[in-house]
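No value in this document is a laboratory result; all are computed from the given coordinates. The shown structure was predicted, so the numbers you read here are calculated from the model rather than taken from an experiment. All Cβ positions, even for glycine, are placed from backbone atoms using ideal geometry, and neighbour counts span all protein chains on display.
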Amino acid sequence: MIIATIMTVSILSQTINGVRVSPPRIEGSEIIMDGYLDESVWAQAESVKNFQTYLPVDGRSAEDNTEIKVWYSSTAIYFGIVADEIHGKVQATMADRDNLDRDDFITIILDTYDDQRSAFSFSVNPYGQQADGILTDLNGGSGRHSSLPFRIDDNPDFIFFSKGNLNSKGFTVEVKIPLKSIRYQNKDVQDWGFNVLRKIQHSGYWSVMGNTRIGKGSFLKQGGSLVGFSGFTKVKNYSITPEIRGDLSRGLNESKYVSNNSDPLGINFRYGVSSNLTFNATVNPDFSQIEADVAQVNYDPRRAIYYPEKRPFFIDGIELFQTPTRLIYTRRIINPAGAGKIAGKIGKTTIGLISAIDNKGSSLSSIEPVNINVLRLKRDLSGQDHIGLVITDLHQSREGNRVFALDGKLIKNEIYSFRYQGGYSQTNQNGGKGSWVPMWDLAGNMNGRFWRTSLGFKGFHTDFNPAVGFLERDDYVTLSSSVTRIFYGEKDKLVEKLNLSLRLSGNWNYLAFTLNDPPEDIRLYPGFSMQLKGGWRISNFTWIEKFGYPKQFYTNYYLKSKNRFIAYSGTKALANYGMMFTLFSPQKEKFSGNIKVGYGRDPNYEEWAPGNITIMESSLNFTPNDQIRLFILYNQQHNYRPSDGSLVSSNKRPRIKVEYQITPSIFLRGVIQYDSRYRDALRDNSRSELPVYVQNSDGDYSKTKQLYQNDITADFLFSYRPNPGTLIFIGYGSALTEPETLKFRSMTRQMDRFFLKLSYLFQS
């Protein structure tokens, strides 16, 4: 017999800022997580209805009704979801974790500190398959889900429970979030920020709880509240995750498999000092990637490519280490022998501290330590304003690097935001001390319903070096501005939303800026995007540019004239113009995809000469049933010499991934990725047409030749993961090359490898 005690009075009220919900605390009620809301406790739960449309147009009554029921106990919070979908077919698959983008799904947003800085997000599809992460405002930008004004970092994983079922009207889902899985305030009575989003795939619409609107400075600030939480059980929970891994591999000329894993054991420890502060430690963790990063097309090789963090130790609390400029980039810590981390919030101060010993050696027994320390502090001010501090330190032997920076954010009148960061770095080499050199990053945004504008100003000294951070490009100063006009279509019209945008920027190298020289690069980017009825989207990106000659990238280029070699100087400036169009399909029952095509004049970076560029990027997602998923990507980029039409460089990158979800926690995956690169023998195409020579390490000069590179990687994985932390991975990977592009004959194996990883989460 269920014994329930309702500890609070249920109150639901609509306010100017959103919905206020006072969920009941109910003790002694155990529910069966089966996706049916048939236990008596759900009748006592508080409920939220009356969802409204959010994207592409906000403020209209949602066509498909949604009801969210909520209650809590001293150890967990529970949500019941009742989602009607009578206007189209429910899209649902047995999707793997964090892979719900092609399904209908509900996202529950919990701002447990009620400070509108960041929030936990928990998403479930109609079967209860899960995605989770950390949500932060973009303050005028747009996220990966079309034009959403926030981003969700879906790399963090939290333990929560969910189960769903389809029915004739739509679907229902039960969700249980243990309090020990999240951080929250250390108060006897507390309120949380609260919002719920729903994505309906057959229409492409988003709906939202309450009266959240487009054109505000903050999505988080518009959310509702869960009020009056009390009686949480205060325990100092901990978890220990031992892990064991092994591998067998062989190289190009090896016939036998050997193991290079001399340190197969590792352990991770997490201790909840309080409800809002955690301590993590790891010894000899396995930071290997289970799946290779997706190959990206780099339109400008002067810029580095950023890859997100995916490793569990760093992911926990990663949002606490974010800064306007990525002065903290944990992937710089490559192979730590051990590391410790403190992350959480004390009062109005957020703290993040990492101390690691990165090992440049081959094993723990032959350690070559690099000591790395990272400190991130952030103090909440009034409203959503804050001020922050970053300190990083890396030192080894007679070398070292330090970074010190201050940052902050101000939001005024709901639509205006301003952020800033300024700091210095010092790099020491060979026992000598380098100078402290500056950086700055300033940005202002106005994010209205019909108009959006931004202004940015950032600069990095020639010698500025964040050794534990990430810069897309160093030694440069940029001043940029943009304006966007948004038009909203009437209900049931073909064009539901139209964005017209214009962006202008000027770039200098640091010295040229200090000497008041004109900008090296001038960029003008007009564009548009249209959301069409039925979920189709079309976007355009047009470039009109002038790029100055970056001589630092061609210091090893030479021309031979009259039996002597002279340094390459290149064309002083290049004019570029062209456009790209992208078509996005809606998510149909089994298919979705997009295609991007582009053409125009762009730099021939290999020779620093004018080039005619063609670009195509496409993706296709095919789901024949709710257990099998097929993903096909194809990217290609060709650059031709306008003088004679010859091909100077080419990149082709097809990728196929197949997943078979046997059960909600067991799946098989196969990935094949091809990377084909071609570069012609180089010549001074824009001027003398003389062949290009490069200087070797021994001082000799060699004429450049045609280069072909065709790399094939294949990865296969069996995964059993009942919850984050407990898992079995069994996999095989192979790397091959072939002389001719996409012929698949005369392939040569470079390396292949079997690997095994086991870990088990012990949690209090």
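Straight-line reach from residue 705: taking Cα to Cα under 28 Å and skipping same-chain neighbours fewer than 8 places apart, the lysines in range are 551, 560, 562, 572, 652, 743.
The Cβ shell under 15 Å around residue 213 holds other residues with a net charge of +3, Lys and Arg each +1, Asp and Glu each -1.
Report note on the peptides 645-652, 255-262: ranked by the mean count of other C-beta atoms within 10 Å, highest first, their order is 645-652, 255-262. With contacts taken as Cα pairs under 8 Å at a separation of at least 6 residues, region 141-239 carries a relative contact order of 21 percent.
Entry note, the chain: the mean residue ellipticity at 222 nm calculated from DSSP H runs of n ≥ 4, each adding -39500 (n - 2.57), is -500 deg cm²/dmol after division by the residues and rounding to the nearest 500.
Peptides 713-720, 460-467 ranked from most to least packed give 460-467, 713-720, packing being the mean of other C-beta atoms within 10 angstrom over each peptide's residues. Two numbers describe the Cα atoms of region 307-471: Rg and Dmax, which are 17.7, 62 Å. Entry note, region 307-471: relative contact order of 18 percent, from Cα contacts under 8 Å with a spacing of 6+ residues.
Within straight-line reach of residue 491, meaning a Cα separation under 23 Å, sit the following lysines at least 8 residues removed in sequence or on another chain: 49, 89, 199, 216, 533, 588.
Applying a DSSP loop filter and a limit of 11 other Cβ atoms within 10 Å to the trypsin sites (Lys or Arg not before Pro) in region 69-113 leaves 89.
Relative to one another, the C-alpha centroids of region 207-277 and region 441-471 are positioned 29 Å apart. Here the dipole of the chain is about 1240 debye; that uses its Cα centre as origin and unit charges on the Cβ of Lys and Arg (positive) and Asp and Glu (negative).
Residue ranges 502-515, 607-620 sort as 607-620, 502-515 when ordered by packing (mean number of other C-beta atoms within 10 Å per residue, highest first).
The charge dipole of region 486-602, taken about the Cα centre with unit charges on the Cβ atoms of Lys, Arg (+1) and Asp, Glu (-1), comes to about 400 debye, rounded to the nearest 20. Looking at the chain, the pairs of alpha carbons with a distance over 35 Å make up 53% of the total.
Relative to one another, the C-alpha centroids of region 577-607 and region 331-405 are positioned 39 Å apart. Neighbours of residue 607, meaning other residues whose beta-carbon lies under 11 angstrom from its beta-carbon, give a summed charge of 0 when Lys and Arg score +1 and Asp and Glu score -1. Overall shape of region 5-230 was characterised from the C-alpha gyration tensor. The equivalent ellipsoid obtained from it has semi-axes of 24, 21, 17 Å, in decreasing order. Which of rounded, prolate, oblate describes region 414-548, given a ≥ b ≥ c as roots of the alpha-carbon gyration tensor eigenvalues and a/c under 1.5 marking rounded, otherwise prolate only if a/b is larger than b/c? Judged from the Cα gyration tensor, region 414-548 comes out prolate (a/c at least 1.5, a/b above b/c). The loop-placed trypsin sites (Lys or Arg not before Pro) in region 400-450, going by DSSP, that have at most 10 neighbouring Cβ atoms within 10 Å of their Cβ come out as 433. Near residue 123, once Lys and Arg are set to +1 and Asp and Glu to -1 for all other residues with Cβ below 11 Å from its Cβ, the sum equals -3. Simple point charges give the picture: +1 on the Cβ of Lys and Arg, -1 on the Cβ of Asp and Glu, and for region 5-230 a dipole about the Cα centre of about 520 debye. By the rule of a C-alpha distance below 19 Å, with chain neighbours fewer than 8 residues away ignored, the aspartates and glutamates paired with residue 180 are 27, 30, 111, 114, 132, 157, 188, 191, 316, 319. Only Cα pairs under 8 Å and 6+ residues apart enter the sum, and on that basis the relative contact order of the chain stands at 9 percent.
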